[in-house]
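Take a look at the structure below.
Please treat every number below as a calculation from the coordinates, not as lab data. Everything numeric in this text was worked out from a predicted model, so none of it was measured. Methodologically, a virtual Cβ is constructed for each residue, glycine included, from the backbone with ideal geometry; neighbour enumeration extends over all protein chains shown.
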Amino acid sequence: MSALKADDGALPRQTPTRFAALDGWRGICALLVVCFHAPVAGFIHEGAFFRHAFLFVDFFFVLSGFVITHAFYGRLRAEQSFGRFFGARLFRVYPLHLFMLALFVGFEVFLAVTRGPGEAFQEGSSLPALAHNLLMTHSFGFLSGLSWNYPSWSISAELLAYGLFALVVIRAPRALIPLALATMAVGVVVIARLDGTIDTTFHLGWLRCLVGFSLGTVIRRVLWTDGQEASAGENSAAWTIAELAIVAMVVVFVDRLGGTILSLAAPFVFGFALYVFAHEGGLVSRVLKSAPIAFLGAISYSIYMTHAFVISRAENVATVLGNKIHWPIFSAALDGKRLMGANEAEALLALGLIVGATLLASALTYRFVELPGIALGRTFLTRGDRRPTASRRAAA
């Protein structure tokens with residue numbers, strides 16, 4: 001997933017730069033992942049661009065590497081505090097992960113009560129898979145498929161990236177860039193050899209994340225210098241042309257190459273886009289910083305983590321409703337997949353309802369799960385900082 005905001009309050013940022021346009025990108029990419037997973041008929045299912053929208057997860061990985069390096073590299077070197085850094089990241093992602101996992105478990109319990117034990121906790125919703133989801137190890141190749149809240153595999157992978165990044169910065173900062181470059185090179189080769197495309201999740205999802213995260217780190221440490229974004233507005237027309245060209249490049253790449261071995265270039269395509277839009281110099285960046293898209297960026301993690309549950313319950317409701325009113329809500333795709341919408345209009349209606357419900361659920365989880373989780377982490381970590389001080393005073 002998930003490219004998570006570094007500004008969680010638990011640790012100060014290295015510089016005040018926020019990269020608001022990249023926040024907008026994150027929100028739009030989260031919605032595109034929703035469209036990718038939405039089981040609706042028509043052009044959403046048939047169009048190559050939406051079929052390949054899983055690639056936007058790689059944008060999250062590159063963005064995470066960039067913003068985490070930007071926000072915490074200097075602080076980690078100065079304070080040498082792995083526990084505080086990793087604790088902050090854990091409190092940023094785990095509360096919502098745990099909340100959504102609880103919702104999925106609750107539904108399986110409901111199935112067990114209403115349909116019998118044999119109808120629940122099967123396949124991707126098994127108890128062993130639940131243990132791996134709780135331990136955040138479900139992108140490490142231990143399972144044979146996606147499980148429970150299936151988009152959360154990327155959060156599992158990102159936690160590994162956070163930990164390795166902090167360890168290298170603290171213990172061997174000079175090795176950060178050489179290790180990042182080696183990870184990118186080896187990772188692309190291994191994924192190409194074993195999976196054939198970048199679309200690896202439960203198998204080599206951790207390595208896919210490390211490739212993108214490493215690229216983001218390299219961009220921030222090698223290519224980016226503080227203050228670049230401030231001077232970007234000097235030639236707005238040129239930046240606007242560059243931004244439009246980047247958008248066109250991303251669309252063509254995802255549409256034409258997303259299902260081929262060349263999809264392995266996705267982190268580098270998104271890395272190029274990230275570098276351009278980090279300057280925030282053109283008209284597209286100003287649109288990305290507008291209030292509606294900024295809101296999407298703010299709740300993007302919730303969008304990413306809630307949409308699978310919303311989609312599953314939408315399918316349940318549509319099934320019951322279709323049986324009650326004898327209305328053919330579902331249709332069969334050429335690949336045999338059951339899709340919502342017997343025609344294009346119904347498919348668009350279904351997609352609109354799924355997106356609307358996801359946005360509503362995300363606004364609620366952002367307010368009542370994400371933000372309290374961040375606050376809890378801040379309190380816990382601050383209290384942990386105070387205890388040694390008090391002990392030293394007592395000893396003195």
Fewest first, what order do T382, T240 take by the number of other Cβ atoms within 10 Å? T382, T240
Packing-based order for 19-31, 307-319, using average beta carbon neighbours within 10 Å, highest first: 19-31, 307-319
Normalised by the empirical 2.2 N^0.38 Å for globular proteins, what value does the Cα Rg of the range 123-216 take? 1.13
Roughly how far apart, in whole Å, are the Cα centres of the range 363-377 and the range 282-353? 24
Distance between Cα centroids, the range 149-188 to the range 90-116: provide it in whole Å. 29
Just order 83-95, 321-333, 134-146 by mean Cβ neighbour count inside 10 Å, highest at the front, would you? 83-95, 134-146, 321-333
By count of other Cβ within 10 Å, fewest leading, how are W153, W224, W148 ordered? W224, W148, W153
Going by alpha carbons, how many degrees (0 to 90, nearest 10) lie between the helix axis of 20-37 and the longest principal axis of the chain? 30
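Taking 30 Å as R0, compute the FRET efficiency from the Cβ-Cβ separation of A182 and T225 and round it to 0.05.
Working: r = 24 Å, r/R0 = 0.80.
My answer for the efficiency is 0.80.
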Helix axis angle, 266-278 relative to the chain longest principal axis, alpha carbon, degrees: 60
Percent of Cα-Cα pairs more than 35 Å apart in the chain, please. 27
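Show me the ranking of peptides 286-294, 32-40, 250-258, 212-220 by mean Cβ neighbours inside 10 Å, starting with the highest.
My ranking of the peptides, most packed first, is 212-220, 32-40, 250-258, 286-294.
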Quick one: net charge of D58's neighbours, Cβ under 13 Å, K/R +1, D/E -1? 0
Crossing angle, helix 205-218 versus the chain [Cα axis fit, 0-90 degrees, rounded to tens]: 40
